[in-house]
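All remarks here apply to the structure that follows.
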Amino acid sequence: MALPDLDALIAEVDRTCEVAHRPGGHEQPDWLALLASAAELASQLQVLADDLVEDYVEHCRLHGISWTDIGAALGVTRQAVQQRFHAPHKRYTPEVLTEELQQAMAHMKQAAMQHRNNYIGTEHLLWGLTSEGNSATALLAAAGADPEEIHRAVGDRLSMGASQAAERIAWTPYSRKAIALAEEQAEQSGAELIGCDHLLLGIAEIGRGAGGTVLIEAGLGADRLRKTHTG
């Protein structure tokens, strides 16, 4: 994958900053508006960079690598890397998930292993949620979408990796955020357990990653799914 160079980033700021170019034939754009847009883009890139590093720190810890060695790889001390990444990620036991969601998670892990992926991203989440009928597919259908089409679309985003797909596969930061949002949605709706529909809403709320992109391209943004879910 070719990384964008500075010229490409400048072009993106110029293209997306709608308020920068003044009407009426003014030669000078609004440089402050462009600066604000550039800062926002830089912030988004930094978030992506941080998520990338965090994902691989998680894998290192899962596979027994010490904080000292992780710090050395990142060029910082053990104390520094622990302070940044040591906050434990919440684990969701089967007791807090519906049977449907437990089955969907089995499909998610199976998809990751079959594609030799050493992670579970939002594409795996959406694949699992649409592998068979459940509250997520019912929500998609109620929103006017064909769950099977969504399943095929996300299947096209599953890429073959080079991992041996160990039993302990880490969830990516976006996936962890999606289930955290699903838990919030379940609590707000008064549900005792986290369901497939709640996780679907979490993926849509993120709006990032392959799974979120599939939903957005299908016109299934968070607002639409949320209104359908509460309606």
Leading residue at positive end of dipole, the range 75-231 (Cβ point charges), from PHE85, PRO173, ALA191: PHE85
Given charges at beta-carbon only (K, R positive; D, E negative), |dipole| of the range 36-108 in Debye: 360
Unit charges on C-beta of K, R, D, E only; dipole of the chain, Debye: 560
The range 111-224 - convex hull of the alpha-carbon atoms, volume per residue in Å³: 96
Axial C-alpha extent at least 20 Å, average Kyte-Doolittle at least 0.5 - helices from the chain (DSSP): 31-62
Where the chain is the region considered: accessible area per residue in Å², 1.4 Å probe: 58
Fluctuation leader among ALA33, ALA145, ALA136 - the chain, Gaussian network, Cα springs under 10 angstrom: ALA33
Summed residue charge, Cβ within 12 Å of ASP14's Cβ, Lys/Arg positive, Asp/Glu negative: -3
Dipole in debye (nearest 20) - the range 94-197, about Cα centre, beta carbon charges: Lys, Arg +1; Asp, Glu -1: 600
The range 65-155 - percent of accessible surface contributed by carbon and sulfur, probe 1.4 Å: 52
Cα-projected label distance for ARG78 with ARG226, points at 7 Å along beta-carbon direction, nm: 4.4
Solvent exposure ordering (accessible area, 1.4 Å, most first) of LYS177, LYS109: LYS177, LYS109
Radius of gyration and maximum dimension Dmax of the range 66-121, Cα, Å: 16.5, 44
Gained length - ALA162 relative to ASP5, 0.36 nm times residue gap less alpha-carbon distance: 53.8 nm
Isotropically averaged projected area of the range 11-143, using the convex hull of Cα atoms (one quarter of hull area), nm²: 13.9
Neighbour count of at most 12 Cβ within 10 Å plus DSSP loop: longest GluC sites (Glu not before Pro)-free window in the chain: 28-166
Share of alpha-carbon pairs per 5 Å distance bin for the chain, given as whole %: 1, 6, 12, 15, 15, 14, 13, 11, 7, 4, 2, 1, 0
For the chain, calculated [θ]222 nm from helices alone, where every DSSP H run of n ≥ 4 adds -39500 (n - 2.57): -19500 deg cm²/dmol
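The values are calculated or read from the model by the stated rules, or taken from the named source; none is laboratory data. All of these numbers come straight from a predicted model, not from anything done at the bench. Cβ sites come from the backbone with ideal geometry, for glycine too, and all protein chains shown count toward neighbours. For accessibility, only protein heavy atoms count, side chains too; no ligands or nucleic acids. Shrake-Rupley method; radii C 1.70, N 1.55, O 1.52, S 1.80 Å.
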